[in-house]
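The values are calculated or read from the model by the stated rules, or taken from the named source; none is laboratory data. Treat the numbers as computed from the prediction; the structure is a model and nothing was measured. When we count neighbours, we look across all protein chains shown, and the Cβ atoms used for this are built from the backbone with ideal geometry, even at glycine. Accessible surface areas use protein heavy atoms only, side chains included; no ligands, DNA or RNA. Shrake-Rupley method; radii C 1.70, N 1.55, O 1.52, S 1.80 Å.
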Amino acid sequence: MTQKTMLLQLLLLVAAVAASLANELPSNLTLLDANEIPQRYDEAQLWRIYNISEAMQKRVPVGQMLEQKFGGNIWKENSKFLDISIARDQLKAARSFLSAHRLDPQILSHNIQSMIDEELLEGIQSSSFGHGRRTKKAARSSMHWKDYHDLETIYSFMREIRTKFPNIVRLYTIGQTAEGRDLKVLRISENPRENKKVWIDGGIHAREWISPATVTFILYQLMSDWENQPAHIRGLTWYIMPVMNPDGYEYSRTTNRLWRKNRSPSRRAQCSGVDLNRNFDIGWNGYGSSTNPCSDTYRGSAPASERETRAVAEFLAKRKYNLESYLTFHSYGQMIVYPWAYKAVKVKDASVLQRVSSLAAERILQKTGTSYRAAVTHEVLGIAGGGSDDWSRAALGVKYVYTIELRDRGAYGFVLPPRFIKDTALEGWTVVETVAQAIGPSSSG
């Protein structure tokens, strides 16, 4: 054990003791189930491999081979590059495999565990010790964006908003997960019957922690000054689901930081979980997903086989009248993309969707200085079926459908330090504002 690791563990222990003495255990120090030993990534490396399309032309699926033969964990795969983490004991063999195919990895991180440890420590320091001590009252009732939060903190924030705005807010439980957690959606509306509707979700992939953080920030931005919001915000009905995959999200917080799927049990005992963003009923058995239950992109046993997928699909199918926008937040890549993903075709009104996403990207650049790319999904992320975004357009006819890939571009990937939450969330809010303006206020009377 290195001196740095020992110091980190000591600091974590001190933070836990200090917080529990103040009766405010930080949300990212969740008590572990005795059966769930946290997975560590000591000296695992994060690689970026370019020119994979050339290897694919020679029928060498590089990502799939590294995943299946060398236990790799794919972070990002597109036409230009592959980001993949490789465990310490497989580094040499995986490098030999790449050399044989004339590929050379760029190392983005030499030790993924140190990134995970630093993310955790920074969050504890900023929320427990930074900016003055939080009072007990504030700890119970306030959300903040200096750290990532557990599911219960997010749900209690949603309940708090419903309590504060009982006339315009409704909190739905639209289903339960395989492990029995509620799936919660908040509706905000002054005129649910007539207003045009916007759906916003986050956390479909467990490890993308910046996504629920951004969606809760969007919720805060909407409600912290609702009375003074412009007509194009107040005149809409908002459906907000910060965490579509609660089981996976909690598992990524307690056991495996890089978990992606849900936690539904598989017939194969050693592998569980389905990629919910390959499980919607659109191009389900096409390209870009896997039939292998051990793969991170396992599509499930059938379209909408998963409770989470069915709950969202059934809830929205009943509310498709006036549903103008479907916004789903992911990480990472800094992109605002629109259908189609399941086939190499643009939607008929692609020019409108491109104009709105380009405007959002321009506004983000002005606000935070961060570059986002506006594009059609299949061109920048590759072809993949079963996505919630494509489904909302195909099944419900939603116009403004966007997947927002938040920060960053690979320096930290999924393990984005908490100091970047606020600005990243502001970028997400900028997309929401821009789309709301494009929709325009609902006509009254």
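Would segment 151-439 count as rounded, prolate or oblate if I go by the C-alpha gyration tensor, calling it rounded below 1.5 in a/c and otherwise prolate when a/b exceeds b/c, oblate otherwise?
Taking the square roots of the gyration eigenvalues as a ≥ b ≥ c, segment 151-439 is rounded.
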List the trypsin sites (Lys or Arg not before Pro) within segment 223-290 that fall in a DSSP loop (any state other than H, G, I, E or B) and whose Cβ has at most 10 other Cβ atoms within 10 Å.
Arg267, Arg268
For segment 315-428, accessible area per residue (1.4 Å probe, heavy atoms of protein chains only), Å²:
36
Could you work out the local net charge near Val169, counting Lys and Arg as +1, Asp and Glu as -1, over the other residues with Cβ closer than 11 Å to its Cβ?
+3
Accessible area of the chain with a 1.4 Å probe: how many percent of it is carbon plus sulfur?
49
Of the listed pairs Lys184/Lys399; Lys76/Lys320; Lys184/Lys422; Lys196/Lys367; Lys320/Lys343; Lys146/Lys184, those with alpha carbons more than 29 Å apart are Lys76/Lys320
Out of segment 302-372, which trypsin sites (Lys or Arg not before Pro) are coil in DSSP terms and have no more than 12 other C-beta atoms within 10 Å?
Lys318, Lys348
For Lys92, give me every one of the aspartates and glutamates with a C-alpha distance below 18 angstrom, ignoring sequence neighbours fewer than eight places off in its own chain.
Asp42, Glu43, Glu67, Asp83, Asp104
Beta bridges per DSSP with both ends in the chain, % antiparallel, nearest 5:
55
